[in-house]
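Quick notes on the structure that follows.
The values are calculated or read from the model by the stated rules, or taken from the named source; none is laboratory data. Since the model is a prediction, treat every value here as computed from it, not as a measurement. Please note: Cβ atoms are built from the backbone with ideal geometry, for glycine as well, and neighbour counts cover all protein chains shown.
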Amino acid sequence: MKILAIESSCDETAAAIVENGRIVLSDIIASSAELHKLYGGVVPEIASRKHLECISQVVNEALTQANVTFQEIDAIAVTYGPGLIGALLVGVSYAKALAYSLKKPLVAVHHIKAHLAANYIEHPDLTPPYVGLVASGGHSHIVYASDWVDFEVLGRTRDDAAGEAFDKVARTIGLGYPGGPLLEQLAKKGNAYAYDFPRVQFDNFDFSFSGVKTAVINAMHKAEQKGESINAADVAASFQCAATDVLVAHTLAAAKAKGVKTVVMAGGVSANGYLRQRFTDACQEEGFSFLCPRPRYCTDNGVMVGAAGYFMAQKEDFCSLNENAYATLPF
Ligand code: KG4
Ligand code: ZN
């Protein structure tokens, strides 16, 4: 089964052709991140306009790269939420129009579930059950996968998402947008134990990242008031270490509680090399197998939507042409 997948929930317009949920026939991503850099964050209106400008070309390129015609597509999958509503509407409207004109079934894919499904592409042997961490710019969820696309949420952030915290701390220490990858680079030159930033624990697997972000801001202000210069690399490394400590600890605690053997990670933050290494080491120590997609499939892409869409299509979980886009969406 060949699925044409479309993703437009944030600042990437992406399309892919995925066969049987596992084989990538094409993978096209057009990003408007360069334009948002000017403003220090994603400007929703600009993101929507760029999606409109390039969606046709991105989809056409996906077909060309896969050497597949519109008629040879079996179904269309599209991200319908959560995300920026104007951005999502471009992808959803385009996908509905295609489904209508081509008379193909349409699958409405949850963006966070799609992130997890990137692992089905990367790791063909992966089968549920597993415990997964999705750490992105908008979400930080620990889930138990009882089935391919059915998840029980075990923990979530109570305030900022992990990626949001990376981006805010990066901005505070004077790095550009998107902050996560820039912070990771700077952290390589810093001491991860120079600052003792908080690691927030609850009596469940939830996260809180707003405290660590505030602690970074306070450390910067304190140094400023004393007329001291701050070592930004030390701040970056110490923040990254604090955030990683809780992401790893909570996920592994959830995996133990559920008695699974496999831990997977997904979402933009999982492109972080330090986090990947810490997960690899901790899982090895605790006897879990650990899986994570390559960095291109961690951040937003169409391939992951094609993988999630396939497993939904297998269950005939199609949507109608009245389907809408949603800024927020329960799991
Ligand atoms: O999954 P994603 O591409 O979009 C959302 O669904 O939000 O995630 C984007 C987030 C941003 O906050 C970005 O700073 C973060 O992922 N990110 C990283 C890295 N690469 C992307 N955070 C830390 N280290 C990275 N290398
Ligand atoms: Zn995402």
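What number of residues within the range 6-22 are surrounded by fewer than 24 Cβ atoms within 10 Å (Cβ to Cβ) and in contact (Cβ under 8 Å) with a residue 60 or more places away in the chain?
Just the residues of the range 6-22 that are surrounded by fewer than 24 Cβ atoms within 10 Å (Cβ to Cβ), to begin with: 12, 19-22.
Now drop any that are not in contact (Cβ under 8 Å) with a residue 60 or more places away in the chain, which leaves 12, 20-22.
Result for the range 6-22: 4.
Counting only helices (runs of 4 or more DSSP H) that fall entirely inside the range 188-293 and contain at least 3 residues that are crowded, with 23+ Cβ neighbours inside 10 Å and of a type in the set (S, T, N, Q), the qualifying elements are 232-258.
State which residue is nearest to ligand 1 (Cβ to nearest atom) when the search covers only the range 102-128 and only residues that are assigned to a helix (DSSP H, G or I) and within 19 Å of N324 (Cβ to Cβ).
Taking the range 102-128 first, the residues assigned to a helix (DSSP H, G or I) are 102, 111-122.
Add one more test, that the residue is within 19 Å of N324 (Cβ to Cβ), and what stays is 111-114.
Values: H111: 6, I112: 8, K113: 12, A114: 9 Å.
Only one residue tops the list, namely H111.
Being within 16 Å of ligand 2 (Cβ to nearest atom), farther than 21 Å from N204 by Cβ and assigned by TED's automatic domain parsing to the domain that holds L186 is the requirement here; does A232 meet it? First the steps, then the outcome.
Numbers: within 16 Å of ligand 2 (Cβ to nearest atom): no; farther than 21 Å from N204 by Cβ: yes; assigned by TED's automatic domain parsing to the domain that holds L186: yes.
So A232 fails the test.
I'd like the full set of residues that are away from ligand 2 (no atom under 16 Å from the Cβ) and among the basic types (K, R), limited to the range 138-160. R158, the sole residue that qualifies.
Looking for whichever is aliphatic (A, V, I, L, M), within 16 Å of ligand 2 (Cβ to nearest atom) and touching a Pro at 6+ places or on another chain (Cβ under 9 Å) here; the options are A135, A87, A99. Which one fits?
Values: A135 fails: touching a Pro at 6+ places or on another chain (Cβ under 9 Å); A99 fails: within 16 Å of ligand 2 (Cβ to nearest atom).
On inspection, the qualifying residue turns out to be A87.
Out of the range 71-88, which residues are surrounded by fewer than 19 Cβ atoms within 10 Å (Cβ to Cβ), assigned to a helix (DSSP H, G or I) and touching a residue at least 40 places away in the same chain (Cβ under 8 Å)?
Once the filter is applied, which keeps residues that are surrounded by fewer than 19 Cβ atoms within 10 Å (Cβ to Cβ), assigned to a helix (DSSP H, G or I) and touching a residue at least 40 places away in the same chain (Cβ under 8 Å), the range 71-88 yields E72, I85, G86.
With V131, V107 as the choices, which residue is crowded, with 23+ Cβ neighbours inside 10 Å, β-branched (V, I, T) and farther than 20 Å from L247 by Cβ?
Working: V131 fails: farther than 20 Å from L247 by Cβ.
Unique residue meeting the criteria: V107.
When K168, K213 are checked against the criterion of being touching a Gly at 6+ places or on another chain (Cβ under 9 Å), free of Cβ contacts under 8 Å to residues at least 60 places away in the same chain and either within 15 Å of ligand 1 (Cβ to nearest atom) or polar (S, T, N, Q) (or both), K168 stands alone in meeting it.
Going by what's in this entry, would Q225 be described as free of Cβ contacts under 8 Å to residues at least 12 places away in the same chain and polar (S, T, N, Q)? Answer is yes for this residue.
You will find that of D234, D317, D245, D203, the residue that is of a type outside the set (F, W, Y) and modelled with pLDDT under 95 is D203 and no other. H51 meets all of the listed conditions (1) part of a helix (DSSP H, G or I); (2) away from ligand 2 (no atom under 16 Å from the Cβ); (3) surrounded by 17 or more Cβ atoms within 10 Å (Cβ to Cβ) but one, namely (2). Selection of first residues in the range 146-165 that are within 19 Å of A255 (Cβ to Cβ) and of second residues that are within 16 Å of ligand 2 (Cβ to nearest atom) and of a type outside the set (V, I, T), restricted to Cβ pairs under 6 Å at least 6 apart or on distinct chains, gives the following pairs, ordered by first then second residue: F151/F331; V153/H141; V153/F331; R156/H141; T157/S140; A162/A135; A162/S140.
Taking the criterion of being more than 26 Å from the chain's Cα centre (by Cα) and more than 17 Å from L175 (Cβ to Cβ), the residues of the range 224-256 that qualify are E224, Q225, K226, G227, E228. When residues in the range 132-171 are screened for being modelled with pLDDT of 95 or more and either basic (K, R) or assigned by TED's automatic domain parsing to the domain that holds T79 (or both), 2 of them pass. Is at least one residue of the range 309-331 within 13 Å of ligand 2 (Cβ to nearest atom) and under 28 Å from L25 (Cα atoms)? Among the residues of the range 309-331, not one is within 13 Å of ligand 2 (Cβ to nearest atom) and under 28 Å from L25 (Cα atoms), which makes the answer no. Looking only at the range 24-48, residues that are without any contact (Cβ under 8 Å) to a residue 12 or more places away in the chain and either surrounded by 23 or more Cβ atoms within 10 Å (Cβ to Cβ) or within 21 Å of the chain's Cα centre (by Cα) (or both) come to 2 in all. Selection within the range 145-163: residues that are in contact with a Phe, Trp or Tyr (Cβ under 8 Å, 6 or more places away or on another chain) and in a loop (DSSP other than H, G, I, E, B). The member of this set that is nearest to ligand 1 (Cβ to nearest atom) is A161.
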